[in-house]
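The values are calculated or read from the model by the stated rules, or taken from the named source; none is laboratory data. Not measured: the values here are computed from a predicted model. Neighbour counts are summed over all protein chains in view; Cβ atoms, including those assigned to glycine, are modelled from backbone coordinates with ideal geometry. Ligands, DNA and RNA are stripped out before the accessible areas are found, and what is left, the full protein with its side chains, is counted by its heavy atoms. Shrake-Rupley method; radii C 1.70, N 1.55, O 1.52, S 1.80 Å.
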Amino acid sequence: MNIRADLPPTRAEAEAALDVLRGYTAAATGDDLVALQLPAVLRAYPELSRAYPAGFVADAAYRATLPDLQNGPSSLIVGAQAIIQHVGISNFRLPIRYRLRDGGDVTLETSVTGTVSLEAEKKGINMSRIMRSFYVHAERDVSLEVIEHALDDYKRDLGSFDARIQMRFSFPAKVQSLRSGLTGWQYYDIALELVDVAGERKKMMHLDYVYSSTCPCSLELSEHARQTRGQLATPHSQRSVARLSVEMRGETRLWFEDLIEIARAGVPTETQVMVKREDEQAFAELNAANPIFVEDAARSFCAALQADPRIGDFRVVASHQESLHSHDAVSVLTEGPTFAQASLDPKLFATLFHVG
């Protein structure tokens, strides 16, 4: 190939030179290419096929050649070489079977968050292992057994010292109306969580309970207007949400239905599903019999949780989404160190809402 050094190469000469380079790089070793100091694009991509190889099989020998940056040396770490407390996946969804208190079971779409700790000198984790492990156990295990066995796999396969798994789902339960005898399906946002820190495991359950809260002050003022001035007035009430987070202790199982009933015992004004006129009247009477500020709600839930020996540490987060004010009334009550924290998630109360 003759190219004059004193003249700019033509397009044809450049294409011919590239053909020569491609032919060389196809047979050259990696060391030869590095020594030649070719641009990376020429060293890595001599000439690529644009057709998808549908029949190609990745056998064990081929898989062994695949790069794995996440399991690379500490020299590949970007940023500070620091411990990461949580790294993993969130909102990985699959169907999970859950046991019911009556002896049956139900399969529910479940959102999984699975994380492990990562030591400072490790580059990363293989996140696909978390998903694969869940698929294996979801097919043969039920309820808490799924996350217990999956967590064992996490710690073994990923070499982690801490691990955490949470499964979130919408749990259906039949609820009877107050007076008419009708029944309807109420859906409860529930999460099961298993945390393994320094070899100590804790099992937790979270429940979002939706109820009506009638303001005691507004109720008294309304009655005052009726009695002193003959003025019709109505107290304000609003849809409210409490998130009960409990640590499950002991050998006796705490069922989903149990925690729902505990919440209902604490604050009985749960929102209704099937309602006729007699039910609506009964609900008004029930609210009048149980007027509560947000502080009252937190303490009422607290008393109900304290009475159950299967419950250890717990947290109550309540939000009364006011019909009087343009803001919400909120409260947080914790018992024990498990859920206690100095700082609150800035979006915590914004997550306390109900979608029917």
Conditions (1) under 17 Å from I89 (Cα atoms); (2) within 18 Å of the chain's Cα centre (by Cα); (3) open to solvent by 30 Å² or more (accessible area, probe 1.4 Å); (4) free of Cβ contacts under 8 Å to residues at least 40 places away in the same chain: number failed by A191
(3)
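If a residue must be crowded, with 17+ Cβ neighbours inside 10 Å and touching a helix residue (DSSP H, G or I) at 6+ places or on another chain (Cβ under 7 Å), how many such residues does region 110-121 contain?
Of region 110-121, the ones crowded, with 17+ Cβ neighbours inside 10 Å are 110, 112-118.
Cutting the leftovers down to touching a helix residue (DSSP H, G or I) at 6+ places or on another chain (Cβ under 7 Å) gives us 112, 114, 116.
Of the residues in region 110-121, 3 are crowded, with 17+ Cβ neighbours inside 10 Å and touching a helix residue (DSSP H, G or I) at 6+ places or on another chain (Cβ under 7 Å).
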Out of region 201-219, which residues are more than 22 Å from I262 (Cα to Cα) and assigned to a strand (DSSP E or B)?
R201
Which pairs turn up if I take residues in region 1-29 that are of a type in the set (G, A, S) and look for partners that are modelled with pLDDT of 65 or more and open to solvent by 80 Å² or more (accessible area, probe 1.4 Å) with beta carbon separation below 9 Å, at least 6 apart in sequence or on another chain?
A17/P9
Which numbered condition in (1) touching a residue at least 24 places away in the same chain (Cβ under 8 Å); (2) open to solvent by 10 Å² or more (accessible area, probe 1.4 Å) is the only one that V267 fails?
(2)
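Quick test for you: out of G88, G79, pick the one residue that is open to solvent by less than 90 Å² (accessible area, probe 1.4 Å), touching a strand residue (DSSP E or B) at 6+ places or on another chain (Cβ under 6 Å) and either at pLDDT below 85 or not aromatic (F, W, Y) (or both). Walk me through how you get there before you give the answer.
On the way: G79 fails: touching a strand residue (DSSP E or B) at 6+ places or on another chain (Cβ under 6 Å).
Result: G88 is the single residue among G88, G79 that is open to solvent by less than 90 Å² (accessible area, probe 1.4 Å), touching a strand residue (DSSP E or B) at 6+ places or on another chain (Cβ under 6 Å) and either at pLDDT below 85 or not aromatic (F, W, Y) (or both).
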Breaking point among (1) open to solvent by less than 40 Å² (accessible area, probe 1.4 Å); (2) over 18 Å from the mean Cα position of the chain (by Cα), for E335:
(1)
Can you name the residue in region 54-75 that is aliphatic (A, V, I, L, M) and in a helix (DSSP H, G or I) and is also most open to solvent (accessible area, probe 1.4 Å) among such residues?
L69
Residues within region 229-265 that are in contact with a Lys or Arg (Cβ under 6 Å, 6 or more places away or on another chain) and modelled with pLDDT under 95, tallied
2
Verdict on R243 being open to solvent by 40 Å² or more (accessible area, probe 1.4 Å), in contact with a strand residue (DSSP E or B) (Cβ under 8 Å, 6 or more places away or on another chain) and farther than 19 Å from V175 by Cβ:
yes
Would you confirm whether or not region 221-237 contains a residue that is open to solvent by 10 Å² or more (accessible area, probe 1.4 Å), over 30 Å from R277 (Cβ atoms) and within 31 Å of the chain's Cα centre (by Cα)?
no
Name the single residue, out of those in region 132-146 being buried (at least 17 other Cβ atoms within 10 Å of the Cβ) and out of contact with any helix residue (DSSP H, G or I) (no Cβ under 8 Å at 6 or more places or on another chain), that is nearest to G159 (Cα to Cα).
L144
Answer yes if at least one residue in region 123-139 is among the charged types (D, E, K, R) and part of a helix (DSSP H, G or I), and no otherwise.
yes
Considering only region 278-297, I want to know if a residue exists there that is at pLDDT 95 or above, more than 24 Å from E220 (Cβ to Cβ), outside any strand (DSSP E or B) and open to solvent by 30 Å² or more (accessible area, probe 1.4 Å).
yes
